[in-house]
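Written below as C-alpha cells is the structure these notes are about.
The values are calculated or read from the model by the stated rules, or taken from the named source; none is laboratory data. Please read these numbers as outputs of a predicted model, since none were measured by experiment. Every residue, glycine as well, gets a Cβ built from its backbone with ideal geometry; the counts of neighbours run over all protein chains shown.
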Amino acid sequence: MVDKYAVIGNPIGHSKSPIIHKAFAEQTGEDISYEAILAPLDGFEATIQSLIAQGYKGANVTVPFKFEALNLVYPSKRALDEVAVNTLRFLGGEIRGDSTDGTGLVRDIQQNLGITIAGKRVLLLGAGGAADGVLQPLLNEMPASLVITNRTVDKAQTMVKKILSKNHNAFSLTACAFDNLSDAQFDIVINATSTGLTDTALPIPSSVFANGCLAYDMMYGRETPFMKQAREAGAQVADGLGMLVEQAAEAFYIWRGVRPRTQPVIQQLRSA
C-alpha cells in the first residue's frame, strides 16, 4: 500500500516539493505518493483533519500556514526552538511537528557550498518567520558572531531576547538597524527577507560583504536585487534552491528513516 504525503499552502501551484519527493522516492525505492494541496486561508486545520481521515502519513506546510501548524502539533524539541513548523507526522491520534528549514540552510552552506559557519561573522537580514526558522540552527554551528538586522529593529531585538532567555550566552548575538551597518563586515550574509519577491533593494551598504564573503538569498528561481548587489561587490552568491532540497531531504528522513542523496535532485532542478 502506497503511503501518502502532501505539501499544503496557499498559493501552492509553484511548489517544487512534489518533484523533489518524487525524485527522492525513485532514488530510495520508498513506496510513497506526494501531492500539492491548496488549502483555503481559513481552512488549514480542516485540511489537515481531512488528510488524517484519508490515511495520509504526513505533510509539509508552507506559506502562510507554518505558524498555524505549530498550534496543531505536539512539536519536537527542534520545533520548540522556533516559532513555525513545516513538517508534520500523523501518528495515531497525534500530530507531530518539526522544522527542517534551518537544517536545510546549514547543510546547503556547509556541505554543498563547502563553507564552514564556525568562527565566521554572520549577518542575518530580516526578522520574520524565515529568519526565526533558521536562527537557532545557525547558532548551533558556533559562528564568531551573528547580527540580526531589520527595518524594524524592535523585531530583531525580540529575536535576540528570545534566544538569550534560553541561556545561549556563549554566542555573540546582537541586533541592529540597517542604518548601523556602515562600519561592519561579514563573512556570511543571509537574506531572509521577502524583498526579492518585489525586486526591492535592501538599504545595506556594499561594504558589509567582506573579502571572500558568501551572500546567500533564501529566495530561488530569480536574480534578486540583493544577489545583484552582492555579486557587484565581489561576493560569492548563492540562492535558496539547495536549501529547499536539503530541507525536503530532512523531512523525507523524518518520515521514512532514509536519507536521500540531494546533489542529483539539485542538479535536476537547476537543469530544468
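Quick check: is even one residue across region 93-105 of a type outside the set (Phe, Trp, Tyr), closer than 19 Å to Leu269 by Cβ, touching a strand residue (DSSP E or B) at 6+ places or on another chain (Cβ under 8 Å) and not in a loop (DSSP other than H, G, I, E, B)?
Within region 93-105, one or more residues are of a type outside the set (Phe, Trp, Tyr), closer than 19 Å to Leu269 by Cβ, touching a strand residue (DSSP E or B) at 6+ places or on another chain (Cβ under 8 Å) and not in a loop (DSSP other than H, G, I, E, B).
Would you check which residues across region 62-89 are part of a strand (DSSP E or B) and either within 16 Å of Leu41 (Cα to Cα) or touching a Gly at 6+ places or on another chain (Cβ under 6 Å) (or both) and list them?
Pro75, Leu88, Arg89
Which of the residues that make up region 68-91 are over 13 Å from the mean Cα position of the chain (by Cα) and either modelled with pLDDT of 85 or more or among the acidic types (Asp, Glu) (or both)?
Glu68, Ala69, Leu70, Asn71, Leu72, Val73, Asp81, Leu88, Arg89, Phe90, Leu91
For region 224-243, give me each residue that is buried (at least 24 other Cβ atoms within 10 Å of the Cβ), of a type in the set (Gly, Ala, Ser) and farther than 10 Å from Val189 by Cα.
The answer is Gly240, Gly242.
Looking at this structure, is Thr200 hydroxyl-bearing (Ser, Thr, Tyr), outside any loop (DSSP other than H, G, I, E, B), in contact (Cβ under 8 Å) with a residue 12 or more places away in the chain and surrounded by fewer than 17 Cβ atoms within 10 Å (Cβ to Cβ)?
Spelling it out, it is not the case that Thr200 is hydroxyl-bearing (Ser, Thr, Tyr), outside any loop (DSSP other than H, G, I, E, B), in contact (Cβ under 8 Å) with a residue 12 or more places away in the chain and surrounded by fewer than 17 Cβ atoms within 10 Å (Cβ to Cβ).
I'd like the residue in region 28-56 that is charged (D, E, K, R) and out of contact with any Leu (no Cβ under 9 Å at 6 or more places or on another chain) and, out of all such residues, is farthest from Ala249 (Cα to Cα).
Asp42
Quick one: which of Gly221, Gly129 is loosely packed, with under 15 Cβ neighbours inside 10 Å, within 30 Å of Ser15 (Cβ to Cβ), among the small types (Gly, Ala, Ser) and within 21 Å of the chain's Cα centre (by Cα)?
Matching residue, one of Gly221, Gly129: Gly221.
Looking only at residues in region 44-67 that are more than 14 Å from Asp98 (Cα to Cα) and of a type in the set (A, V, I, L, M, F, W, C), which one is farthest from the chain's Cα centre (by Cα)?
Ala53
Which residue is farthest from Met219 (Cα to Cα), if the candidates are limited to region 13-36 and must be in contact with a Ser or Thr (Cβ under 9 Å, 6 or more places away or on another chain) and among the polar types (S, T, N, Q)?
My answer is Ser17.
Considering only residues that are surrounded by 14 or more Cβ atoms within 10 Å (Cβ to Cβ) and in a helix (DSSP H, G or I), which ones fall in region 36-48?
Phe44, Glu45, Thr47, Ile48
Scan (1) surrounded by 22 or more Cβ atoms within 10 Å (Cβ to Cβ); (2) more than 25 Å from Phe209 (Cβ to Cβ); (3) touching a residue at least 40 places away in the same chain (Cβ under 8 Å); (4) among the β-branched types (Val, Ile, Thr) for the single condition Val85 breaks and write down its number.
Only one criterion is unmet by Val85, namely (3).
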